[in-house]
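Each remark here refers to the structure printed beneath this line.
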Amino acid sequence: MNISRGLARQHGSELSLIHRILDAVLILAALWVIVAAYEDQLAGHYYIAGAVAVGAYLFVAEWHALYGSWRAGSLREEYRALLSTWIITLVILFVFAFISKASIQYSRVAITLWFLFTPMLLILERAILRVILRKIRAKGINSRSVAIAGNGKCASRLIDAITEGAWMGLEISGIYDENEVVRHQGNAVPYYHLKELIVHAQEGRIDSVYIAYPMNEEEKISSLVGQLADSTVSVYVVPDVFVSDLFHARWSSIGPVPLVSIFESPLYGTNSLVKRMEDLILGSLILILISPVMLMIAAAIKLTSSGSIFFKQRRFGLNGQVIEVWKFRSMSVMEDGPIIPQAQKNDPRITPLGAFLRKTSLDELPQFINVLQGRMSIVGPRPHALAHNEQYRKLIHGYMLRHKVKPGITGWAQANGWRGETDTLDKMEKRVQYDLYYINNWSLIFDLKIILMTVFGGMRGKSAY
């Protein structure tokens, strides 16, 4: 038996405690260093702010499970949870300063720098700790022995994930199945009959068991779980979720009944609040900055063609509810019926000024008003006309899942050039693929990245007419 393998694992709670202490030290040290650079001495109210910040951060971090095992955790998910934790901490600090009427006592420059640099330090700390753990696990220390029950597609995906993620410190001790084993290509892991799994588990040769049978083999899974209860191994059931290419499944529960959520928006609870704050703050600032441009465009539309300045069209919003989306009018028609031809190259409906507005996406600027109204977000899947929605929902698998979040002025698809005319089905499928990727991987940082890509690269696309 490799004694060193379990040393760090036996002290998991101690390591978690050390990690909490490191986070607290970094938060306080960042505050004190920054304040010291702007003031002669550290006044008492800064000690209070630091204490409140540490307490709030550690409390919210428990809610986000920031100090759980990193063994199978995603780096992106951890950073997303960290930033969300810090943002909530800041909200708590603002509320505390407002109630205590102490905000005037603090240096705005120092506090702003502290707000910005602290999450960077916490992320850097985690990156360094992960590197150290990887090196430790590469030497066989703190690794876990896992067994996989099953030999189908689900098991193959799990094997690939463990093999490619060597940093997790998971070692596949064997693959177990009751049918004749078909070896995983290029895999040297030993194969055993399923009945040997119970014996190996009871002998202590395995730390964890991953049951990777299809969900329709309920009796086999239930029997195996019951037999493994007579051992000390950790048991995980790997859901054979047929829609895993759409959204990552999430575990939840109703009372004592466990559930796997499949079609669920990531923007609920705290995430929904963060997203709305982002829209209100950035939307207001952007609208103030672009208001002179909008006034000039409005005047130009009035002077160059007859008709309304704005074009309002019904589209699907959050959860498929119909909303009214505003744009600067770029055509000589105001179509909003059951059949709406998409704009094409040299489209006679487009006015000369409208062609410029559409090419530069300036016709989308009034949608910042929609953002403040709560109908749209700055970032999200682009809303399509009702007629186009009805067309594509029948042709593209998972198309309507785009409406699990608010539609956006710009999105991951548009930032990557997928905009404009979709004259072939594969173009719309590609756009939907990018939209679902965005929903599945949403974070505040991801939103800011898309906004920056849009500002500096524009909403690119040669097919934008």
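Just so it is clear, none of the values below were taken in a lab; they were calculated from the coordinates. All values derive from a computational prediction rather than experimental measurement. For neighbour counting, all protein chains shown are included, and Cβ atoms are generated from backbone atoms with ideal geometry for every residue, glycine included.
What ranking do 433-439, 206-212 get when scored by the average of other Cβ atoms within 10 Å per residue, highest first? Don't skip to the end; give the middle numbers.
Details: 433-439: 20.0, 206-212: 22.0.
Averaged packing, sorted descending, gives the order 206-212, 433-439.
Working out 0.36 nm times the residue gap between Ala161 and Ser100, then minus their Cα-Cα distance, what length gain in nm do you get to one decimal?
Working: separation 61, 0.36 × 61 = 21.96 nm, distance 5.04 nm.
Taking 0.36 nm per residue and subtracting the Cα distance, the gain is 16.9 nm.
What are the principal axis extents of the Cα atoms in region 270-457, in Å, biggest first?
46, 39, 29
Evaluate 2.2 N^0.38 Å with N set to the residue count of region 364-412, then give the Cα radius of gyration divided by it.
1.19
Residues with amide H under 5 Å of Phe310's amide H, sequence separation 5 or more or different chain, H placed in the peptide plane at 1.01 Å from N; which?
Excluding prolines and chain starts, which carry no amide H, the hits are Arg329.
Kindly flag which residue pairs out of Lys404/Lys427; Lys101/Lys406; Lys302/Lys404; Lys101/Lys449; Lys275/Lys359 have an alpha-carbon separation exceeding 26 Å in this structure.
On the way: Lys404/Lys427 21 Å; Lys101/Lys406 36 Å; Lys302/Lys404 37 Å; Lys101/Lys449 35 Å; Lys275/Lys359 28 Å.
In this structure, Lys101/Lys406; Lys302/Lys404; Lys101/Lys449; Lys275/Lys359 exceed 26 Å between Cα atoms.
Between Leu17 and Ala300, what is the spin-label point distance in nm, taking each point 7 Å from the Cα along the Cα→C-beta axis?
About 6.6 nm separates the two model spin labels.
Taking the simple approach of a point 7 Å from Cα along Cα-to-Cβ for both Gln391 and Lys430, what is their distance in nm?
It is 1.8 nm.
Give the calculated FRET efficiency between Leu121 and Glu218 to the nearest 0.05, with a Förster radius of 56 Å applied to their Cβ-Cβ distance.
Between Leu121 and Glu218 the formula returns 0.70.
When you count, for each residue, the other Cβ atoms within 10 Å and take the mean per peptide, how do 146-159, 105-118 rank with the highest first?
Most protected by this proxy first, the peptides run 146-159, 105-118.
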